[in-house]
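For reference, the structure discussed in these notes is given below.
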Amino acid sequence: MEKNTVWAILLSAIVLGAFMWIQTTYFPTEVATESETPIESVIEEEKNQPNNTTEILSTAIEKADESTEMPLDESDVKEENFTITTDYVKVVFTNRGGDIIDYQLLKHKDGEEFVQMADNINEANRAFSLAFGTEDNSIINEIFNAKIINDPDPTILGDKGIGFYKAFKIKNSDGTESNFILVKEYTFHQDEYLFKLDIHIEPAENYVGINYNNSSYTLRGSPQIGPYWDKSADRYENRTFMSYTDGKQKKKTLGEGKSEIYGNSFTWTGIANKYFVELIVPSDTTTISHSTYSTKIEVDDYANAQVKVTRNPLKTNAANSDTYYIYVGPRTNNTLKKYNSASNNSWGVSNLHLDDALRTSGILTWLEVILKWFMEILYKVIPNWGVSIILMTIIFRIFMFPLTKKQSEGTVKMQELQPQIKELQAKYKDNPKKLNEETAKFYKQTGYNPMSGCLPLLIQFPIIIAMYNLFNNYFDFRGAMFIPGWIPDLSNPDLVATFGFNIPFLGNELHLLPIIYVATQILSMKFTQTQNTAGSSGSSMKIMMYGMPLMFFFIFYNAPAGLLIYWILSNVLMTIQQAIINGFVHGKEKKEEGVAVPKKEVRLPPSAKKMQESKKKAASRKKNKR
């Protein structure tokens, strides 16, 4: 392999390593933002608003609790389901525990169905269920009384809600007993992905608080959020535990069947996948003991991805109310940033920093924003996201052509100088310092800068990373049709055929784009090698030419179609650019030969000239002896 090729690979690895170190050290989350505003002051305006749902439920509780005996007589209460539908969501509740068993996003499809955000529901684990005590305790499974709360004027986009209540008698860790009524209130707005969950504790006779192992209760998120994904097949999807702590996003992924506890200093916490997110925002974070991330397997072989928020013990004999704002919806900038300003959302909350749950390029976020803005302009001209990817890739390659040309010319120049460089290396192989000095003199006299071939790579590198993240994660690619029957969704792999059996490492689906990608990658590398890398090690080049594309074939086999379209077109355009550059270089040489212009002689430093003369004399003496 040529020395300049080795240097290019080495420098690229160093740049990549430095980039990852900077990202991890100084940007451990995807974006660092301003220090948070205390949540207590953030939602104070909303807390002061009249709460009709509480008044209605309080009346219902008083009627049900006319006697002081506990528990209430609820023998006639049967298990049933209740549905609340807004413009954005359809939510199904069960009065068993007052939990959610179905949560559909009406603006987003998963195939023919709506995206399901209450997945993996089972008898022992439902969405937004409560457990007395810590996260390891079983959820409350009793049947509650229920009360639907509708806005009195359906023509106004106001509150929709439902409340659940039940009397309990529990024994605390210290042996004391407490009687109380537990109330769960859910409130929705017609045009919001954010809803409110209020948890009330109404004291009854002999109430002394709630304390199970230094905790009062644990609120669970959904056991799993959709769309459903196959971990073995879809390497571009994941489930990530997230929190916004000390003005930064924190995130963590766990293997199946594990559980991990985190601190209580967060503003929000939740679970995210590639395109959707579930975030829990306590109104008073000082009441929270800790949060837990669980990947327990409860249904078939599909692991949970569940966040659990544990509250500190209730030690007083007074009533207690906790409010949680819960976002369940798309992971997009427009839907998340609206909760940074009270005037932009129906709840009147602000500075929640939910937009810090976005997936970005870290320190290159600004570049990704520019690229996204430019691509959206192209989409307005031709409303097809596949066409936008193609146009943006073409424009990018045209823009980078001068740098690519300079890089290729530098490579050709380096190859012309290789014989003289090898002579210097042979002469000063035992004196590295002298070799460096003579090599530097040689480069200066020939006017060649060895870094000229690497500089274009360093300039293109950040743009390539930002474009990769953009094409891999852009929300609007979900469900975006490009070629009917082949690429119906740019956010998923293309599909040619489905087999009745699994192919090792690939699954049971045949994707054509990864095969096209490998072919164009080999063509691009082969064209570059045959034109620009004469004399390089054949075995090393074959490893690079065939080994690397083969490795990328497995990596990209289940990649989103939009990302592969970008890579394939990039390979094709790079090949065309190389052909143009090579034609320009060879055309210039032929022109010089046609007018009998002697080929420009490379000026060598005195040491190299002496070395050549000594070699010629030695060869002449050897010939004479024969």
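Taking segment 179-219 as the range and being over 29 Å from the mean Cα position of the chain (by Cα) and either of a type in the set (K, R) or not assigned by TED's automatic domain parsing to the domain that holds I326 (or both) as the test, only K184 passes. Here's a check for you: in segment 95-117, which residue that is buried (at least 20 other Cβ atoms within 10 Å of the Cβ) and either small (G, A, S) or modelled with pLDDT under 95 (or both) is nearest to D198 (Cα to Cα)? Per the criteria, the residue is G98.
For segment 327-349: of the residues being assigned to a helix (DSSP H, G or I) and touching a residue at least 60 places away in the same chain (Cβ under 8 Å), which is surrounded by the fewest Cβ atoms within 10 Å (Cβ to Cβ)? If you could, list the steps in order and put the result at the bottom.
Step one: filter segment 327-349 for residues assigned to a helix (DSSP H, G or I), giving 333-340, 342-344.
Applying the additional criterion that residues be touching a residue at least 60 places away in the same chain (Cβ under 8 Å) yields 335, 339, 342.
Numbers: T335: 20, Y339: 26, A342: 16.
So, considering only residues that are assigned to a helix (DSSP H, G or I) and touching a residue at least 60 places away in the same chain (Cβ under 8 Å), the one surrounded by the fewest Cβ atoms within 10 Å (Cβ to Cβ) is A342.
In segment 504-528, the residues that are surrounded by fewer than 16 Cβ atoms within 10 Å (Cβ to Cβ) reach residues that are part of a helix (DSSP H, G or I) and modelled with pLDDT under 80 with C-beta atoms within less than 7 angstrom, at least six apart or across chains, in these pairs: K526/M545. Which one of these is modelled with pLDDT of 95 or more and either surrounded by fewer than 19 Cβ atoms within 10 Å (Cβ to Cβ) or among the hydrophobic types (A, V, I, L, M, F, W, C) (or both): I170, I156, I139, I149? After applying the criteria, what remains is I139.
Can you run down the residue pairs with Cβ atoms below 7 Å, 6 or more apart or on separate chains, where the first is in segment 350-375 and more than 13 Å from N333 (Cα to Cα) and in a helix (DSSP H, G or I) and the partner is hydrophobic (A, V, I, L, M, F, W, C) and modelled with pLDDT of 90 or more? Listed pairs, sorted by first residue: F374/M392; M375/M392. Looking across I370, I389, one residue alone is crowded, with 20+ Cβ neighbours inside 10 Å and not assigned by TED's automatic domain parsing to the domain that holds K160. It is I389. Which one of these is at pLDDT below 80, among the aromatic types (F, W, Y) and more than 25 Å from the chain's Cα centre (by Cα): F527, F505? None of the other options fit; the residue is F527. Which one of these does T295 not meet: (1) surrounded by 20 or more Cβ atoms within 10 Å (Cβ to Cβ); (2) under 20 Å from the mean Cα position of the chain (by Cα)? The failed condition is (1). The one condition from (1) out of contact with any Asp or Glu (no Cβ under 8 Å at 6 or more places or on another chain); (2) part of a helix (DSSP H, G or I) that N449 does not meet is (2).
Taking F482, is it in contact (Cβ under 8 Å) with a residue 40 or more places away in the chain, surrounded by 17 or more Cβ atoms within 10 Å (Cβ to Cβ), closer than 30 Å to Q418 by Cβ and of a type in the set (F, W, Y)?
Details: in contact (Cβ under 8 Å) with a residue 40 or more places away in the chain: yes; surrounded by 17 or more Cβ atoms within 10 Å (Cβ to Cβ): yes; closer than 30 Å to Q418 by Cβ: no; of a type in the set (F, W, Y): yes.
In short, no.
Among residues of segment 438-465 that are assigned by TED's automatic domain parsing to the domain that holds K413 and more than 18 Å from F401 (Cβ to Cβ), those with a beta-carbon under 6 Å from a residue that is surrounded by fewer than 16 Cβ atoms within 10 Å (Cβ to Cβ) and modelled with pLDDT under 75 at least six positions away or on a different chain give the pairs Q445/R603.
This table checks each residue for (1) out of contact with any His (no Cβ under 8 Å at 6 or more places or on another chain); (2) over 22 Å from F195 (Cα atoms); (3) surrounded by 15 or more Cβ atoms within 10 Å (Cβ to Cβ).
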site: P223; (1), (2), (3): yes, no, yes
site: N238; (1), (2), (3): yes, yes, no
site: Y244; (1), (2), (3): no, no, yes
site: T267; (1), (2), (3): no, no, yes
site: E278; (1), (2), (3): yes, no, yes
site: V281; (1), (2), (3): yes, no, yes
site: S289; (1), (2), (3): yes, yes, yes
site: N304; (1), (2), (3): yes, yes, yes
site: Y325; (1), (2), (3): yes, no, yes
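Have a look at E298, E237, E256 and point out the one that is part of a strand (DSSP E or B), of a type in the set (D, E, K, R) and in the same structural domain as Y327 (by TED's automatic domain parsing). Before the answer, list the steps.
Values: E237 fails: part of a strand (DSSP E or B); E256 fails: part of a strand (DSSP E or B).
Answer to the check: E298.
Name the residues in segment 260-280 that are within 16 Å of S222 (Cβ to Cβ) and assigned to a strand (DSSP E or B), would you? W268, T269, G270, I271, A272, F276, V277, E278, L279, I280 - these are the residues of segment 260-280 that are within 16 Å of S222 (Cβ to Cβ) and assigned to a strand (DSSP E or B).
If you check V369, V349, which single one turns out to be under 35 Å from the mean Cα position of the chain (by Cα) and farther than 26 Å from F482 by Cβ? Working first, answer last.
Numbers: V369 fails: farther than 26 Å from F482 by Cβ.
Criteria check complete, one pass: V349.
Checked across segment 397-405, the condition of being under 48 Å from the mean Cα position of the chain (by Cα), surrounded by fewer than 14 Cβ atoms within 10 Å (Cβ to Cβ) and β-branched (V, I, T) holds for at least one residue. Of the residues in segment 420-430, none is assigned by TED's automatic domain parsing to the domain that holds P560, out of contact with any strand residue (DSSP E or B) (no Cβ under 7 Å at 6 or more places or on another chain), crowded, with 17+ Cβ neighbours inside 10 Å and closer than 30 Å to P488 by Cα.
Taking strands (runs of 3 or more DSSP E) that fall entirely within segment 87-137, which contain at least 1 residues that are under 17 Å from I225 (Cα atoms)?
On the way: elements: 89-94, 99-110, 113-116, 130-132.
Of the strands (runs of 3 or more DSSP E) lying wholly inside segment 87-137, those with at least 1 residues that are under 17 Å from I225 (Cα atoms) span 89-94, 99-110, 113-116.
How many of the residues making up segment 490-505 are assigned to a loop (DSSP other than H, G, I, E, B) and in contact with a Leu (Cβ under 9 Å, 6 or more places away or on another chain)?
First, the residues of segment 490-505 that are assigned to a loop (DSSP other than H, G, I, E, B): 490-496, 504-505.
Still in the list and also in contact with a Leu (Cβ under 9 Å, 6 or more places away or on another chain): 490, 493-496.
Total meeting the criteria: 5.
The values are calculated or read from the model by the stated rules, or taken from the named source; none is laboratory data. Computed from a predicted model, the values in this text were never measured in an experiment. All Cβ positions, glycine included, derive from the backbone under ideal geometry; neighbour counts span all protein chains shown.
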